[in-house]
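Okay, so here's the structure we're looking at.
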Amino acid sequence: MSTLNFSNINKYYGNTPAVVDFNLSIQEGEFVSFLGPSGCGKTTTLRMVAGFEQPTSGSLKINDAEILTLPANKRNVGMVFQSYALFPNMTVADNIGFGLKVAKKSKKEIDMKVDQTLNLIRMPELRDRYPSQLSGGQQQRVALARALAIEPKVLLLDEPLSALDAKIRVELRAEIRRIQQQLNITTIYVTHDQEEALSLSDRIVVMDNSHIEQVGTPAQIYNDPASKFVAEFIGHINLLPVTVTNSESGEVSIHGNTVKVKNARNFENRPTMLAVRPEELNPGTVVGANNLTGIVESVTYLGSIIRIRLDIGGEGVSIDLFNDRKFISPQIGQSYDFNFPVEASWLI
Amino acid sequence: MKKKSANFWSYFWGFSALLYFTLPLYGTLDFSLRMKKGEISLMAYQVVLSDPKFLESFRYSIVMGLITVTISILLFVPTVYWTYLKVPKFRPILEVISILPFIIPTIVFVFGLIRTFSRPPLLMTLTPLKTDVLMVAGYIVLTMPYMFRSIDVGMKSIDVKTLTEAAQSLGANWIQVLLEIIFPGVKLAIISGALISFALVIGELILGDFLVRPALGAYMVLVGRSRAYEPAALSIMSYAITWLVLGFFLIVSNGGKTKTYWVGKG
């Protein structure tokens, strides 16, 4: 098992930056997700670890040994691709055993490892099938097994679930996490799906525009986003323009109403937004909480959640309530009181 | 009613096409069997097969074809692969180069070869061996459109870049990637390109004729000028060889297929 260290990694295509000033340390057995929109640099960073891209500058170490000087086939880094990339001319067993064959392991050793890995992915019966005879989910399991068979120092997964159906995606991501924890293998997972990143990761690296925006646990990223981008990118968020009226006590003004936030310092005399998650807003008024009133614009049924959209002085606010059979839907245009705790809101 | 009429016309055109292709063949076959006056015989075939010049030219062209195809595969598979992998922007240039043999008439190309390589410093026509080297080079150029395009289509059908990266991440070097992943992946494309190129070399006339080498194409023309029944027998034999080659191709391509159970996203 291995630690991985990125130091001042930069990657430019001509003058166009792809990854800028990337610094990160990944611990042994840690599952880290690179999360961000398309073109943010997450896949480029992953490909630099695999050896398919060379950084313009910086250092990349596995267990304190520089790997940037090594070609891709000497890095002992397992990679799982979005398009599975199984070798179509080989059976499942041959695909899984390919890396071992290349490493000139004995046939007995290869057979043993293939069986062991097939059991790990719970597919021993598909040993002699060809990739074209497998479903997408099965193919990706085989691709995972193939990457794990060589016992890599680091496992890289490049959006491995994005070509799969929603149901299989959820099943397979639980499978990936189970296997990763069972083997305690250091893993980097690239995705643009926040749900995947939140559910799988020990830590998430949120990237935008070639830069790291924030590194943290899923709870830190969700509950304390470091920037407006992170707040908007992860989950739903209400952003309301406010004016800081008393930075000491944390008081801000929203269309003449005063509410309290946890971090008003350093936000005086500049355009500021109050951020609060829709699920933190509750119907009614509560003494000691922030209380506001809006006009109901719409009520949307989302299965387990009911989303009420309100208008506060021209600004839209969403409230997410758990679907309750006793829930009485407010009428469009009616006045609606709601509240939220001081610690659930912050300025950005 | 409409469906019945459509059926009639489809059968009509199908049957007409069949006649169009088979009647000349039947006529040639019939003619080739009438060398002995008043009876059906294989005499024309016997004459052709017992002619040492035929056997010599047949053997020569087979050897030339095999050498051409082997060198073409070794030349074009890595070239096309590298273009897909490293310099995809050069693909259009390569495509234009590959169709040049269609644009430049063969006779012009052969004259160019003779003018360039029949004088120092690149004198290649002095000995039979050197001329054969020149012949193979010429055949490679003439068959390039077929070989290049077949391999190109094959490469297009597999995800060259990702498969290469997958193999590399598993520890494979370039030669292992090429031999164990790419070659098997484009095997059928290589076979089809090779067969077309081989058939082309077997029947090619101008290079053999102008470089004065005993190629089968040149022999067939020579026989056609001086005899009546033997060229017909030769044509039927070349048809038979073509069909045999196609049959071989079908067997090989079916051999590579596997039974598909079901494929889906799930």
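Round to the nearest 10 and report in Å² the accessible area of residue B:66, as given by a 1.4 Å probe over the protein chains' heavy atoms.
Roll a 1.4 Å probe over it and residue B:66 shows about 100 Å².
For the charge dipole of the protein assembly as shown, defined by +1 on Lys and Arg C-beta atoms and -1 on Asp and Glu C-beta atoms about the Cα centroid, which residue among B:172, A:347, B:247 has the Cα displaced farthest towards the positive pole?
The Cα lying farthest towards the positive end belongs to B:247.
Pick from A:136, A:41, A:314: which is most flexible by mean-square fluctuation in a GNM of chain A where alpha carbon atoms under 10 Å apart are linked?
Comparing A:136, A:41, A:314 in a Gaussian network model of chain A, the most mobile one is A:314.
Work out the length of the dipole vector of segment B:52-252 about its Cα centre, built from +1 on the beta-carbon of each Lys and Arg and -1 on the beta-carbon of each Asp and Glu, and round it to the nearest 20 debye.
So the magnitude is around 360 debye.
Skip the ligands, DNA and RNA, and give the accessible area per residue of segment B:52-252 with a 1.4 Å probe, whole Å².
50 Å²
Suppose R0 equals 41 Å; then what is the FRET efficiency for residue B:125 and residue B:248 from their Cβ-Cβ distance, rounded to the nearest 0.05?
According to the calculation, E is roughly 0.75.
Once the Cα gyration tensor of segment B:52-252 is found, what semi-axes does its equivalent ellipsoid get, as square roots of 5 times the eigenvalues, in whole Å, sorted largest first?
34, 21, 14
For a quick check of understanding: with a 1.4 angstrom probe and all protein chains in place, what accessible area in square angstrom does residue A:114 have, to the nearest ten?
Counting only protein heavy atoms, the figure is 0 Å².
Taking square-rooted eigenvalues a ≥ b ≥ c of the alpha carbon gyration tensor, is segment A:101-174 rounded, prolate or oblate, where a/c under 1.5 means rounded and, failing that, a/b exceeding b/c means prolate?
prolate
If you count, for every residue in A:133-139, the Cβ atoms of partner chains within 10 Å of its Cβ, what is the mean?
Per residue, the number of nearby Cβ atoms from other chains is 4 on average.
Calculate what fraction, in whole %, of the accessible area of chain B sits on carbon and sulfur atoms when a 1.4 Å probe is rolled over the protein chains.
That fraction is 72 percent.
Got a sec? What order do B:225, A:169 fall in by accessible area at 1.4 Å, biggest, i.e. largest, first?
Correct descending sequence by accessible area is B:225, A:169.
Rounded to the nearest 20 Debye, what is the dipole magnitude of the protein assembly as shown about its Cα centre when Lys and Arg each give +1 and Asp and Glu each give -1 at the C-beta?
Value, rounded to 20: 2760 debye.
To check my understanding: the extent here is largest minus smallest coordinate of the Cα atoms along each principal axis. What are those three numbers for the protein assembly as shown, in Å, largest first?
120, 74, 51
Please state the shape class of segment B:1-145: rounded when a/c is under 1.5, otherwise prolate if a/b exceeds b/c and oblate if not, all from the C-alpha gyration tensor.
Judged from the Cα gyration tensor, segment B:1-145 comes out oblate (a/c at least 1.5, b/c at or above a/b).
Please express the Cα-Cα pair-distance distribution P(r) of chain A as a list of whole percents, one per 10 Å bin, running from 0 to the bin with the greatest distance.
With a bin width of 10 Å, the distribution comes to 5, 21, 25, 20, 15, 9, 4, 0.
How would you order A:139-147, A:173-181, B:135-143 from highest to lowest mean count of nearby Cβ atoms within 10 Å?
The densest-packed peptide leads the list: A:139-147, B:135-143, A:173-181.
With a 1.4 Å probe on protein heavy atoms only, work out how much accessible surface B and A bury together, total over both chains, in Å² to the nearest 100.
Interface area, both chains combined: 2600 Å², rounded to the nearest 100.
Please identify the helices of chain B, taking whole runs of DSSP H, that span at least 15 Å along their own axis as judged from the Cα atoms and have a mean Kyte-Doolittle score of 1.0 or higher.
Span-like helices, by this rule, are B:52-85, B:106-117, B:187-203, B:216-226, B:229-255.
For segment A:189-348, what % of the accessible area comes from carbon and sulfur atoms, probe 1.4 Å?
49 percent
How big is segment B:123-209 in terms of Cα radius of gyration and Dmax, in angstroms?
Taking only Cα atoms of segment B:123-209, I get Rg and Dmax of 17.2, 52 Å.
Partner chain Cβ atoms within 10 Å, averaged over the residues of A:143-154 - can you pull that number for me?
Shielding by partners across A:143-154 averages 1.
If you put +1 on each Lys and Arg Cβ and -1 on each Asp and Glu Cβ, how big is the dipole of segment A:162-225 around its Cα centre, in Debye rounded to 20?
For this selection, approximately 260 debye.
Could you pull out every residue, at least 5 positions away or on a different chain, whose amide H is within less than 5 Å of the one on residue A:82? Hs are placed 1.01 Å off N in the peptide plane, and Pro or chain starts have none.
Placed amide hydrogens put A:158 under 5 Å from residue A:82.
Can you find, among A:95, A:13, A:338, the residue farthest towards the positive end of the dipole of chain A? Put +1 on the C-beta of Lys and Arg, -1 on that of Asp and Glu.
A:95
With point charges of +1 on the Cβ of Lys and Arg and -1 on the Cβ of Asp and Glu, referenced to the Cα centre of the protein assembly as shown, which listed residue (B:226, B:207, A:35) lies farthest in the positive direction of the dipole?
Of B:226, B:207, A:35, it is B:226.
Provide, in order from the shortest bin, the percent of all Cα-Cα pairs of segment B:12-71 in each 10 Å bin, continuing until the bin that contains the maximum pair distance.
With a bin width of 10 Å, the distribution comes to 19, 25, 28, 24, 4.
Mind checking which lysines have their Cα closer than 22 Å to the Cα of residue A:262? Skip sequence neighbours fewer than 8 apart in that chain.
Counting by Cα, and skipping residues close in sequence, residue A:262 has these lysines nearby: A:228.
With chain B treated as a Gaussian network of Cα nodes joined by springs under 10 Å, which of B:61, B:16, B:169 yields the largest mean-square fluctuation?
B:16
Antiparallel as a % of all DSSP beta bridges within the protein assembly as shown, to the nearest 5?
Roughly 75 percent of the DSSP beta bridges within the protein assembly as shown come out antiparallel.
Ordering B:243, B:82 from largest to smallest accessible area (1.4 angstrom probe), what's the sequence?
Highest to lowest solvent-accessible surface, that is B:243, B:82.
When ligands, DNA and RNA are left out and all protein chains stay put, how many square angstrom of accessible area per residue does segment A:201-348 have with a 1.4 Å probe?
Dividing the accessible area of segment A:201-348 by its residue count gives 50 Å².
Under 22 Å from the Cα of residue B:187, which lysines turn up, not counting those fewer than eight places away in the same chain?
Leaving aside lysines fewer than 8 places away in the same chain, those within reach of residue B:187 are A:101, B:86, B:156, B:161, B:257, B:259.
By average Cβ neighbour count within 10 Å, what is the ranking of A:118-127, A:229-238 from highest down?
By packing density, highest mean first, the sequence is A:229-238, A:118-127.
Specify the inter-centroid distance of segment A:20-77 and segment B:112-177, based on alpha-carbon positions, in whole Å.
Centre-to-centre (Cα) distance: 37 Å.
Shielding of B:177-189 by partners, i.e. mean partner chain Cβ atoms within 10 Å per residue?
The shielding value for this peptide is 2.
Under the rule a/c < 1.5 gives rounded, and otherwise a/b versus b/c splits prolate from oblate, where does segment A:1-138 land using the Cα gyration tensor?
prolate
The values are calculated or read from the model by the stated rules, or taken from the named source; none is laboratory data. Fair warning: this is a prediction, and the values are worked out from it, not measured in the lab. Positions of Cβ are backbone-derived with ideal geometry, glycine not excepted, and every protein chain shown enters the neighbour counts. These accessible areas exclude ligands, DNA and RNA; they are computed on the full protein's heavy atoms, side chains included. Shrake-Rupley method; radii C 1.70, N 1.55, O 1.52, S 1.80 Å.
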